[in-house]
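Below is one structure, written out as structure tokens; the observations come after it.
The values are calculated or read from the model by the stated rules, or taken from the named source; none is laboratory data. Quick caveat, the model's predicted, so the values are computed rather than measured. Note: ideal-geometry Cβ built from the backbone for every residue, glycine included; neighbour counts use all protein chains shown.
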């Protein structure tokens, strides 16, 4: 099955003012140490699984094993997110279409990986690189950030911290496809509430609450 590459010029940059007082979650040494420890241990523990998934993706369809796409990180700085490829397209730039339930672009293996959130495992590399955290707002495609920042007041405030593998919004059920503005407002509100009330204990609680979700709804994250 050939893969279709979406070629488009880079999206308009999202300008985000650096806050005068950085969020505690962005400067906490304990949070960063936790991120490094968990990401390193998880990569070591899951190495055989990572190799197996990579081989399965390579055999199922033509195209790269890893999907790389620009996302918005701390203080609005773009970075390349890593995921196992689950679709027959490699969209980036201005024309990124959000995945939906029953999306025809998703491969059979990709559907299983997305259901179990196994396609997200390569993001542990983003955590080690300091581009992401274990817990934080989930990163969106740059083109979505540009569009949604015009629709939701305070949207760019979520960039006060590193994006996460999981977050308060996901645990509260505000995850997956954005169907309407109300759902988007609730998601961004949960993200900013997490940042404003951050504590290391809250991070541990959110990680614990995420585990049962990994075996639940498809495309949870």
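A few remarks follow.
- Among the residues of region 133-183, those identified as under 22 Å from residue 25 (Cβ atoms), assigned to a loop (DSSP other than H, G, I, E, B) and free of Cβ contacts under 8 Å to residues at least 60 places away in the same chain are 137, 152, 153, 154, 167, 172, 173, 174, 175.
- Complete set of residues in region 155-182 that are on the phi > 0 side of the Ramachandran plot and touching a helix residue (DSSP H, G or I) at 6+ places or on another chain (Cβ under 6 Å): none
- Pairing each residue of region 115-132 that is at positive phi and at pLDDT 95 or above with any residue that is buried (at least 22 other Cβ atoms within 10 Å of the Cβ) and assigned to a loop (DSSP other than H, G, I, E, B), provided the two are 6+ apart or on different chains, yields C-beta distances under 8 Å for 130/162.
- Some residue of region 89-110 being in a helix (DSSP H, G or I), out of contact with any helix residue (DSSP H, G or I) (no Cβ under 6 Å at 6 or more places or on another chain) and modelled with pLDDT under 95: yes
- Test: residue 119 is part of a helix (DSSP H, G or I) and more than 21 Å from residue 39 (Cβ to Cβ): no
- Unmet criterion (only one of (1) surrounded by 21 or more Cβ atoms within 10 Å (Cβ to Cβ); (2) within 14 Å of residue 73 (Cβ to Cβ); (3) modelled with pLDDT of 95 or more) for residue 142: (3)
- Flag if residue 78 is in contact with a helix residue (DSSP H, G or I) (Cβ under 8 Å, 6 or more places away or on another chain), under 16 Å from residue 162 (Cα atoms) and at pLDDT below 60: no
- Taken together, the residues in region 127-139 that are crowded, with 21+ Cβ neighbours inside 10 Å and under 17 Å from residue 33 (Cβ atoms) amount to 7.
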